[in-house]
Every structure is written in structure tokens, then in C-alpha cells.
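Participant: Questions regarding the structure given below will be posed in turn.
Derivation of every value follows stated rules applied to the coordinates shown; laboratory data play no part. Bear in mind the structure is a predicted one, so any value in this text is a computation, not a measurement. Cβ coordinates were reconstructed from backbone atoms using ideal geometry, including for glycine residues, and neighbour counts include every protein chain displayed.
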Amino acid sequence: MEQEKIRNIAIIAHVDHGKTTLVDQLFKQSGMFRDNQVVKERMMDCNDLERERGITIASKNGSFHYKDYFINIVDTPGHADFGGQVERILRMVDGALLLVDAAEGPMPQTYFVLKKALALHLPIIVVINKIDKPSARPDWVLNEVFDLFVKLDAPHHILDFRVVYASAKEGYASKDENVREGDMTPLFEKIVNNLPSPKGDINAPLQMLVNSIDHSSFLGRLAIGKISNGQISINQDVLVATGSDDFVPSRITKIYRFEGVNKVETESASAGEIVAVA
Ligand code: GDP
């Protein structure tokens, strides 16, 4: 896959600010689903514990195509309890959407993840969602976000963030806070034009940063992560760095890409791609 055309992005949001609705809408409008197909599976659904505590626990991956771009969405846990995982996940992406409710503004539970993202100098697009609500107060919310960035020591170039006003529910986005119609094109365009592609060296030796483990009843454990450099293919011999000084020799038996909400088998993948491998 051509690295220039890949965007790996995280979405940072407080629970209920509309992350699931936004991702569903981006998937739908990017044509990942046929018009008459009901989207049965919400990509990032919340379980009760998440709702209760105001956090997202699991981390899920999915992707969609926009024009000739391949956009990977990486979910982030929204809470400090998952500090190590947050770091690893944010190291897979090259930019983030900060999704904020147009009436409520940013909530303290997202500060931790946002601070980590700012520390990694990730460019951020601020999406002020639920602009359709009568109680929406986008100017106030934008000020709150700006103050928060300053408080969290955002680097100067990141303070100059882009803003998109959206209704994930009604399916439109705009640079203009007064617009109440249209589609998600302005947000798609901001993502591909303002967030960078990954920067790995395809010709370097293989390095893959594993950030989570999935289980398959057929294949056992699957390592999910980003190929930082080089290329990976089936039957390749690799060393697994376990965190101690040990390196465990292993062989790659399967490689999957995330297409929509599914894993699709592939023979090989290269720097910049997010894959699951057995
Ligand atoms: P998540 O917890 O961040 O994944 O939030 P959800 O996507 O589940 O949305 C939480 C609630 O907000 C749901 O009832 C959605 O229908 C509603 N919601 C999401 N986006 C919008 C929006 O743009 N406008 C309005 N009015 N409601 C929205």
C-alpha cells in the first residue's frame, strides 16, 4: 500500500460526545457500506462499564477509503488507568481528531489522553460535534478547547489547530459554525489534507510496534500494531521483543489488514500499515 495515501488517526472523545456515531457516519459516507445495507455492527460500541465510568476501555481498529486514501481509525481508551496502552496506541498514529460536544465542551476525563497526544506533537483537528443541538454554543466550546491546549502546554504549531463543526447524527460537517446541511466531505478533506501520512522507511529492516493482542480460536494470539519500518510477509522469521532482554524467535503465519470493521487476509504489508499478525 502506498504510504503517502495512508492516514492513521486516533479519535479522542469523552463518552457520549458522539465517537460511535461519527465513525459510523464516516464509514457510511465513504461508501464502505452499500446504500441498502444496514450497518449492523457499530464499530465502537460502548459496554456498560465504559458508560458507567465515562471511559472507553477496549481499543478497536477499523478503516475506510476516501478517494484514493486509506484511513485507519484507531480507538483510544479515554482514561488514565490505561496509561501504558494510551501511549502505545498514540505512537501508531500521525494525527488525531478531538471530538467535543458543542454544548458541553471538553470534559476532564479526556485531558489525560489529550496531554499524551500533545506531548507526542500529534497534529489535531478539533471536531465540535452535535452542532444541530439547540443548546450548542460552539464559540464557547472553541474557547474552552483553546484554553485547555494552553493549559496542557501544547506546542505552538499545534495551538494553530483546525476546527470542523459537525453533526455526526445528521451527517454533515463544515468549517462554518452556522452551516446545518451538507455531508461529511469537509471533514474527510481536513483529514487527508491536514493530517500527515506515516513516515516509515519501506526499505529498512522490519520493525513492528505491537500495541495490543487479539485472540482467534483458530490461530491463537494475534499481535496488532503498526509496521514502523520495512515490510512483513507470510513465513518471515522475526524476533519478538517481549520487554525484558529476551528476543523470542517466531515465524509470521498470517497477516490481516483492517478493512471496514473486518480483518482481511493479505500476503504482505509495509511500513505505515496497521495489521494483525499471527
Ligand atoms: P460515544 O459514547 O462517544 O460513542 O457516543 P455515541 O456515538 O454513542 O453518541 C451518544 C449520544 O449522542 C447518542 O444518543 C447519539 O445519538 C447522540 N449524538 C451523536 N452525535 C450527535 C449529533 O451530532 N447530534 C445530536 N443531536 N446527537 C448526537
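Participant: Give me the Å³ per residue figure for the convex hull around the C-alpha atoms of the chain.
Facilitator: Convex hull of Cα atoms, per residue: 143 Å³.
Participant: Of ILE158, PRO134, VAL248, which is farthest on the positive side of the dipole of the chain, counting Cα position, with +1 on Lys and Arg Cβ, -1 on Asp and Glu Cβ, and the Cα centre as origin?
Facilitator: So the residue furthest toward the plus end is VAL248.
Participant: What does the charge dipole of region 120-220 about its Cα centre add up to, to the nearest 20 debye, if the Cβ of each Lys and Arg holds +1 and the Cβ of each Asp and Glu holds -1?
Facilitator: 80 debye
Participant: Once you compute Rg and the Kirkwood Rh from C-alpha atoms, what is the Rg to Rh ratio for region 154-200?
Facilitator: 1.07
Participant: What list do you get for ARG251, ARG137, ARG180, ARG7 if you sort them by fewest beta carbons within 10 Å?
Facilitator: Ascending number of Cβ neighbours within 10 Å: ARG251, ARG180, ARG137, ARG7.
Participant: Oh, and also: Dipole size in debye (nearest 20) for region 74-171 around its Cα centre, Lys and Arg Cβ +1, Asp and Glu Cβ -1?
Facilitator: Magnitude of the dipole: close to 120 debye.
Participant: Sort MET208, MET107 by Cβ crowding within 10 Å, fewest neighbours at the top.
Facilitator: Neighbour counts put them in this order, fewest first: MET107, MET208.
Participant: Now, a different point. Taking the chain as a Gaussian network, where each spring joins two C-alpha atoms under 10 Å apart, which residue of PRO198, PRO134, PRO123 fluctuates the most?
Facilitator: Result: PRO134 has the largest fluctuation of those listed.
Participant: When each pair of different Cα atoms in region 150-278 is counted once in the 1/r mean, what is the Kirkwood radius in angstroms, to one decimal?
Facilitator: 17.8 Å
Participant: Here is a follow-up. Please enumerate, by chain and number, the lysines with C-alpha under 26 Å from the C-alpha of LYS116, excluding those fewer than 8 residues away in the same chain.
Facilitator: Cross-link targets: LYS5, LYS19, LYS60, LYS130, LYS151, LYS190, LYS199, LYS226.
Participant: Follow-up question, since we're still on this one. In debye, nearest 20, what is the charge dipole magnitude of the chain about its Cα centre with +1 on Lys and Arg Cβ and -1 on Asp and Glu Cβ, if you could check?
Facilitator: That gives a dipole near 200 debye.
Participant: What is the helix-to-structure angle for 19-29, meaning the angle in degrees between its Cα long axis and the longest Cα principal axis of the chain, kept from 0 to 90 and rounded to the nearest 10?
Facilitator: Helix 19-29 and the main axis of the chain meet at about 80 degrees.
Participant: In the chain, if the dipole is taken from +1 on Lys/Arg beta carbons and -1 on Asp/Glu beta carbons about the Cα centre, which of HIS17, ILE227, ALA276 is farthest to the positive end?
Facilitator: Positive-end residue among those listed: ALA276.
Participant: Separate question: Please find, in a Gaussian network model of the chain (springs between Cα atoms separated by less than 10 Å), the residue of THR110, THR242, THR21 whose mean-square fluctuation is greatest.
Facilitator: Looking only at THR110, THR242, THR21, the biggest GNM fluctuation is shown by THR242.
Participant: Next question. Can you show me the helix-derived [θ] at 222 nm for the chain, built from DSSP H runs with n ≥ 4 at -39,500 (n - 2.57) apiece and divided by the number of residues, rounded to the nearest 500. Walk me through the numbers on the way to the answer.
Facilitator: Working: 7 runs with 62 residues, N = 278.
Result for the chain: -6500 deg cm²/dmol, rounded to the nearest 500.
Participant: Arranged from highest to lowest average of other beta-carbon atoms within 10 Å per residue, in what order do the peptides 255-261, 84-90, 216-222 appear? List each step's numbers first, then the result.
Facilitator: Details: 255-261: 19.6, 84-90: 17.7, 216-222: 10.9.
The densest-packed peptide leads the list: 255-261, 84-90, 216-222.
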